Amino acid sequence: MRQVQRTVCAHDCPDQCAILATVEDGRLAAVRGDPCHPFTGGFLCAKVHRYPERVHSPERLLTPLRRDGPKGSGAFRPVSWDEALDEIARRWQAIIDQRGAEAILAYAYSGHMGLVSRNLPRALFHALGTTQVEVGTVCDTTAEAAWQMTYGPVSPLDPESVVHADLVVAWGADVITSNVHWWPFVERALRRGARLVCIAPYRHRTGRRADAFIAIRPGTDGALALGVAHVLFRDGKADTAYLDRDVRGWRAWADSVLPGFPPSRVEALTGVPAGDVERLAAWLADSRAPFLRIGPAIGRSALGGHSVRAVAILPAVLGVWGRPGAGAFLESSYAFPVDYEALRRRALLARPVRSLSQVQLGRALTEWRDPPIEAALIMANNPAVTCPDAGRVRRGLAREDLFVVVHELFMTETAALADLVLPATSSMESEDVYRSYGHLYIQYAPAIMPPLGESRPNAWVIQELARRLGVVDPVFERTVPDHVRALLPPNEPALAERVLAGEPVKVPPTGGPGRWGTSCGHIDFEPPPDFPMEEAASPSTGDDFPLYLVTAPGRFSSHTGFEAVPSLREREGAPRCLLHPDEATRRGLHDGEAVELFNQRGAVGLTLALEGDVPPGIAVVEGVRPSAAYLSGGPINVLTPDDLADMGEGATYQNTRVDVRRLARAAAG
Ligand SMILES: Nc1nc2c(c(=O)[nH]1)N[C@H]1C(S)=C(S)[C@@H](COP(=O)(O)OP(=O)(O)OC[C@H]3O[C@@H](n4cnc5c(=O)[nH]c(N)nc54)[C@H](O)[C@@H]3O)O[C@H]1N2
Ligand SMILES: Nc1nc2c(c(=O)[nH]1)N[C@H]1C(S)=C(S)[C@@H](COP(=O)(O)OP(=O)(O)OC[C@H]3O[C@@H](n4cnc5c(=O)[nH]c(N)nc54)[C@H](O)[C@@H]3O)O[C@H]1N2
Ligand SMILES: [Mo]
């Protein structure tokens, strides 16, 4: 039997595509972009295009597995679900009785972006009182905290409105690589005469298409933005009438902070020539409708929150909010009228929970006491590869006295360190509801094929554990359609029913002039947006290493989520270190040779690629790949620090300093 069904791409990506999937005799035969979805626009990215290969990969886990040898040896034997779940319940109960639930660390992350898959697990963790990730993630919590502090939880811009912009600034966002379905909208603006400016440490794919590219030292965007504001005020281009009307605390900010950011000092802080600071300010001042696309990447540094904030306020300084296509866009998430607590059920918490920033997972597993972590449940995340200071994460997971359970589709390096591995369904085999963070559509997706083998969705695992642990709450009994009804506003029952009918439903943006989400109701410049360089110093920055390491998304990979697709592995190719030819010459290194990036945390072998688009002083590695992809010592996150950013407990990947040298033959072997 052959059927075409609507579903949604569940990957952690702003595009959240609507898919038309062809299922033949219970197998996913083909996928294409749903032409009815304005943002997906009828095409899929190079990765998701290969979805049948991923779903039916011979590497899929099909039964629960129990470790059958020393930790990390890779020896496992199949066990039944009952055996696995009973063991988890028994061991967790013993830990709860002896040490308290905080000795259990449990979280589900963004490997599956369905609202049920991501949020229902938290209800169980809240009910038990386990240690969990309440705030900080490796992704965007710094950027979100900075945004909320300034504008509140609102998403005022429809990304599709960029077609009306006359200036598009991709500020720390490689649109063509990581947000490719927005690119056609940008192109429409460009065809109508808009100018595209890219600001990033190296000229990436989008940068090569830009009218102007500004190379910035990683982690210093706040200084550049304040320099731009300095010039706007100096030249009388700031809209003080708008600032008076809609911004709290702007005068104190303009008087106290801005004088410290003349273009000459900005050049010293950021590496951006003073003339470029002036030019960027002039383009913004001359623009009727500037659209600033802020990539969460600029938040992943010691002063990342300050940076996001300083960039995000520029439309307020210019007084352009409210014009079609004008403003700053970080994420669309806040536009959705979703009551996450209906699933997370924080109300089930008996007392405040011990919270972990995902960034410091390794620290928690190796250093925490009172109580130490004795059991861990990791769902939809591959932290042994993607977390900063991955070496420490691995040492933590490898503890013989730590009971590790990993729920996964594939035998990732994280799963390989588990005591029990539980097989997860792919999104094609699970029912869920999705809201984007890069556009304004919400969509329900039924399971379109039966689970492969004994694989089961996150929600099922959580329901079974709740039952075994005697946790009772209506949330664990609900069906997915009932979850959808509970998540969406009760006074708008028609919205839930439209969503459940399976069509992509668009919600309006929220916030805007006079309607901000802050407690004062205005755009909030208190505390004053600043860039306090002196606070950026962090113990593990390792300033003695001369190069900044920039880790950027891979085009044919999404973190490690497509590693089980050989054709994509091949297209992404072996990991490369992109370096300016002068840096190579200085070290006697040649294009294509085996090198290693190293710092105080480790050394990672990969292939050198000389690249004029990378400025001197910077090493770029695209894609976060599993260890086996590197010549030695991987993954790349062995080198990155686990310090927290200034806001939102986020990661500081872009604060990594390294050097590069020829890889000794023995290590390469
Ligand atoms: N193909 C692909 N798509 C993806 C992903 C992927 O891995 N692969 N990942 C998905 C996920 S989880 C997310 S969160 C999103 C967004 O993922 P992000 O990682 O935020 O990616 P981008 O927004 O593209 O931003 C990356 C670009 O920012 C630049 N950058 C790095 N540091 C700085 C800095 O300090 N300042 C400035 N100005 N620029 C900097 C880098 O040059 C890089 O090209 O993309 C999603 N989409
Ligand atoms: N150096 C450096 N490191 C980074 C970044 C960077 O810019 N630089 N970016 C960071 C960012 S933005 C992010 S978001 C993280 C992403 O980091 P991760 O969340 O670790 O991303 P993935 O490697 O895709 O791992 C997700 C896993 O979830 C599994 N999975 C998929 N669907 C399901 C499901 O339904 N249930 C279960 N149980 N499992 C499922 C997949 O098979 C996959 O192995 O990486 C971060 N790491
Ligand atoms: Mo992310």
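The values are calculated or read from the model by the stated rules, or taken from the named source; none is laboratory data. Computed from a prediction, not measured in an experiment: that's the story for all the values here. In this analysis, Cβ positions are derived from the backbone assuming ideal geometry, glycine residues included, and neighbour counts consider all displayed protein chains.
Which residues, counting only those in the stretch 631-669, are under 22 Å from Val359 (Cβ atoms) and among the hydroxyl-bearing types (Ser, Thr, Tyr)? I'd like the intermediate steps shown before the answer.
Looking only at the stretch 631-669, we keep the residues that are under 22 Å from Val359 (Cβ atoms), and these are 633-658.
Thr640, Thr652, Tyr653, Thr656, listed by residue number.
Do the conditions hold for Glu622, that is, is it of a type in the set (D, E, K, R) and more than 24 Å from the chain's Cα centre (by Cα)? It would help to see each step written out before you state the result.
On the way: of a type in the set (D, E, K, R): yes; more than 24 Å from the chain's Cα centre (by Cα): no.
Against the criterion (of a type in the set (D, E, K, R) and more than 24 Å from the chain's Cα centre (by Cα)), Glu622 does not qualify.
Looking at Phe125, is it under 20 Å from Leu361 (Cα atoms) and more than 16 Å from ligand 1 (Cβ to nearest atom)?
When the stated conditions are applied, Phe125 passes them.
Mind listing just one residue for me: the one in the stretch 8-27 that is closer than 30 Å to Ser155 by Cα and more than 15 Å from ligand 3 (Cβ to nearest atom) and, of those, surrounded by the fewest Cβ atoms within 10 Å (Cβ to Cβ)?
Leu20
Do any helices (runs of 4 or more DSSP H) lying entirely in the stretch 80-168 carry at least 1 residues that are at pLDDT below 95, within 13 Å of ligand 2 (Cβ to nearest atom) and within 19 Å of the chain's Cα centre (by Cα), and which ones are they?
none
State which residue pairs qualify: first residue farther than 21 Å from Ala146 by Cβ and inside the stretch 219-247, second residue of a type in the set (Asp, Glu) and assigned to a helix (DSSP H, G or I) in any location, beta carbons under 7 Å apart, and separation of 6 or more residues or different chains.
So the pair list comes out as Val231/Glu278.
Just to be sure I understand, how many residues within the stretch 331-359 are farther than 18 Å from Ala108 by Cβ and out of contact with any Leu (no Cβ under 7 Å at 6 or more places or on another chain)?
Here the count works out to 7.
Any residue that is within 30 Å of Gly72 (Cβ to Cβ), part of a helix (DSSP H, G or I) and among the basic types (Lys, Arg) - is there at least one of those in the stretch 480-493?
Checked the stretch 480-493: no residue is within 30 Å of Gly72 (Cβ to Cβ), part of a helix (DSSP H, G or I) and among the basic types (Lys, Arg).
One line per residue, one yes/no per condition, for (1) part of a helix (DSSP H, G or I); (2) in contact (Cβ under 8 Å) with a residue 12 or more places away in the chain; (3) over 22 Å from Cys13 (Cα atoms); (4) aromatic (Phe, Trp, Tyr):
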residue	(1), (2), (3), (4)
Arg265	yes, yes, yes, no
Ala268	yes, no, yes, no
Val277	yes, yes, yes, no
Leu280	yes, yes, yes, no
Trp283	yes, yes, yes, yes
Ile298	yes, yes, no, no
Ala302	no, yes, yes, no
Glu331	no, yes, no, no
Tyr334	yes, yes, no, yes
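Here is a yes/no grid of residues against (1) away from ligand 3 (no atom under 16 Å from the Cβ); (2) closer than 22 Å to His439 by Cα; (3) more than 21 Å from the chain's Cα centre (by Cα); (4) of a type in the set (S, T, N, Q):
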{"residue": "Asp276", "(1), (2), (3), (4)": "yes, no, yes, no"}
{"residue": "Arg279", "(1), (2), (3), (4)": "yes, no, yes, no"}
{"residue": "Leu284", "(1), (2), (3), (4)": "yes, no, yes, no"}
{"residue": "Ala312", "(1), (2), (3), (4)": "yes, yes, no, no"}
{"residue": "Arg323", "(1), (2), (3), (4)": "yes, yes, yes, no"}
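If a residue has to be free of Cβ contacts under 8 Å to residues at least 60 places away in the same chain and part of a loop (DSSP other than H, G, I, E, B) to count, how many in the stretch 343-367 make the cut?
Qualifying residue count, the stretch 343-367: 1.
Name the residues in the stretch 373-402 that are closer than 26 Å to Met647 by Cα and over 25 Å from the mean Cα position of the chain (by Cα), would you?
Across the stretch 373-402, the qualifying residue is only Ile373.
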